Amino acid sequence: MSTGRRPRHRARDRLPRRLVPVYVLTGGRTRPGGSELPMESLVTVTERVRWAHDLEDEYRTIIEVARKPVSLVEVGAGLGVPVAVVRVLVGDLVEAGLLDVHAPPPAFADAGPSPAVLTQLLEGLRAR
Amino acid sequence: MPGDIGTDPGPVPLKILIAGGFGAGKSTLVRSVSEIASLHTEEPVTIASVGVDDLRAVPDKTMTTVALDFGRIGVGDSLVLYLFGTPGQDRFWFMWDELVRGAVGGVVLVDVRRIAESFAAVDFFESRDVPFVVAMNAFPGTERFTPGDVHHALRLRADVPVMPMDARARSSCLSTIIRLVEHALDRSNVVRFPRSARR
């Protein structure tokens, strides 16, 4: 007779199949439009991820990919969820102190990237 | 050091829009030049909320999705450049408005055999004063057209660069992107110097 607990699945090679709709993942939360993080905003893990345990699959996946800078839209494509959902999940991880967000400087929104940044981009692209 | 993140000011995301008519080669360009397998996302939008920037699901509105192809080029340690292939359908132009905010600029891909399909993209960038270049994709039978022909046919401003390009060739795509950044830099210098000089 087996009374064993259901095994917990860890360290999967592939993303788990989602068993619940995305609005359950985010607890039904959405955020009002207007001042949302642009979808190219980058996230990176903080030092505190070392002490993070028992995270849900989606959170753990985000933590894994964010060891290098990764954008909201990439996270969304990887998880198979829209950016609006990624914003909520990332927001939770930022609140928990596990992620840093690197949004584009606000001045870009009005006038585009600064000449200094464009120059740096140009030099980097020419060096490829 | 790889993986050692958090002590510097952090990476800066940048983006370029790849626009043009249906079948002009937008996805091919993104795929050619991206360092990751180019990715695809479907973003839900509410048709009735066009221009309102509102993604809430309200039952009496029509929900649909907008497809976006995107790729990525890491530039040094601190810059990450994203390329977004814009959705072709006119009814999704409000999506472009979010995409174009803060962008370096745009590449309008042209199939010169169907040049009229590029007008919409040209108008979009012109009306928002966003720097753009026009790239003539190398489809068979298009060799006889010159950049001057395209410049004239699209009634472009004198300073807008037009160049031949092969969306299948990485180096050709990269040259086009470099030309766009040069153009954006020229424009930003022209626009910004008078502003700061007034102080």
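Placing dummy labels 7 Å off each Cα toward the beta-carbon, the span from B:Glu98 to B:Glu35 is 2.7 nm. Computed over neighbours whose Cβ is under 11 Å from that of A:Ser41, the net charge equals -2, Lys and Arg +1, Asp and Glu -1. Coupling constants for region B:117-126 follow from the phi torsions by the Karplus curve (6.51 cos²θ - 1.76 cosθ + 1.60, θ = phi - 60°), and in residue order they are 6, 8, 4, 4, 5, 4, 4, 4, 5, 4 Hz; glycine and proline get x.
The convex hull built on the alpha-carbon positions of region B:12-189 has an orientation-averaged projected area of 10.8 nm².
Once the chain from B:Thr64 to B:Ala169 is taken as fully extended at 0.36 nm per residue, the excess over their C-alpha distance is 34.4 nm.
Bear in mind these aren't lab numbers, they're just calculated from the coordinates by the rules spelled out. Keep in mind it's a predicted model, so treat the numbers as computed, not measured. With ideal geometry, Cβ positions are generated from the backbone for all residues, glycine too; neighbour counts draw on all protein chains shown.
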